[in-house]
Amino acid sequence: MRHPVLAIAASLLLMVLSAATLAEVKIAVVNVQQALVDSDEAKALLAQIQEELKPQEAAIRKLQSDAAALLERMQKDADVMSETQKRKLSEELETKNQDFQYERQKLQRLAEARQQELFAGTQHKLSRAIEELVRTEDYDIILPSNAALYVGDVYDITRRVTEQLNAMGKKQ
């Protein structure tokens, strides 16, 4: 009879010790993409991209306004136009619309490629920023936020990672 009681007591002691050990593990999560996008360097890079793409954006806006003007003219003058004029205006509107779609997709691909190009070096900086936080704040585990179903604000270190990235950028 004494042996089962000792086994139960030992099991309870192990469970208490295991729980105490787990309580000492320091876990955090980080939204990697948000940390990068919120950094000063990323904001500067995105502003640079926007500046580079302004001419293409202006061309797209012009196509859009031209198409809108054609559509308005078509609706306004439809009663007095011949079928040939209506067809010609409709074809012109369709061409403008296709040009608009093409240019918009082209701009989107260009912007994405440019972002990939500019952000290519940031992964290494992000890793260094996280490593620095691990050293200074003694984290045992840092997970990407998309790996967790729920994360309390107290465990989210995204803002601190962004701050660390900004601090690293100022040192350089």
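Assorted remarks:
- Subset tally (residues that are modelled with pLDDT of 90 or more and not small (Gly, Ala, Ser)) for segment 113-129: 1
- Selection over segment 157-172 of residues that are surrounded by 15 or more Cβ atoms within 10 Å (Cβ to Cβ) and part of a helix (DSSP H, G or I) gives a count of 10.
- Wholly enclosed helices (runs of 4 or more DSSP H) of segment 53-156 bearing at least 3 residues under 20 Å from the mean Cα position of the chain (by Cα) and either surrounded by 12 or more Cβ atoms within 10 Å (Cβ to Cβ) or of a type in the set (Lys, Arg) (or both): 83-119, 122-137
Yes/no per residue for (1) at pLDDT below 85; (2) within 27 Å of Ile142 (Cα to Cα):
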{"site": "Leu6", "(1), (2)": "yes, no"}
{"site": "Leu17", "(1), (2)": "yes, yes"}
{"site": "Val29", "(1), (2)": "no, yes"}
{"site": "Val32", "(1), (2)": "no, yes"}
{"site": "Glu41", "(1), (2)": "no, yes"}
{"site": "Phe100", "(1), (2)": "no, no"}
{"site": "Gln105", "(1), (2)": "no, no"}
{"site": "Gln108", "(1), (2)": "no, no"}
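- Segment 19-52, residues that are surrounded by 15 or more Cβ atoms within 10 Å (Cβ to Cβ) and in a loop (DSSP other than H, G, I, E, B): Asn31, Ser39
- Out of Ala42, Ala67, one residue alone is within 19 Å of Arg159 (Cα to Cα) and touching a residue at least 12 places away in the same chain (Cβ under 8 Å). It is Ala42.
The values are calculated or read from the model by the stated rules, or taken from the named source; none is laboratory data. Fair warning: this is a prediction, and the values are worked out from it, not measured in the lab. As a convention, Cβ positions derive from the backbone with ideal geometry for all residues, glycine included, and neighbour counts pool all protein chains shown.
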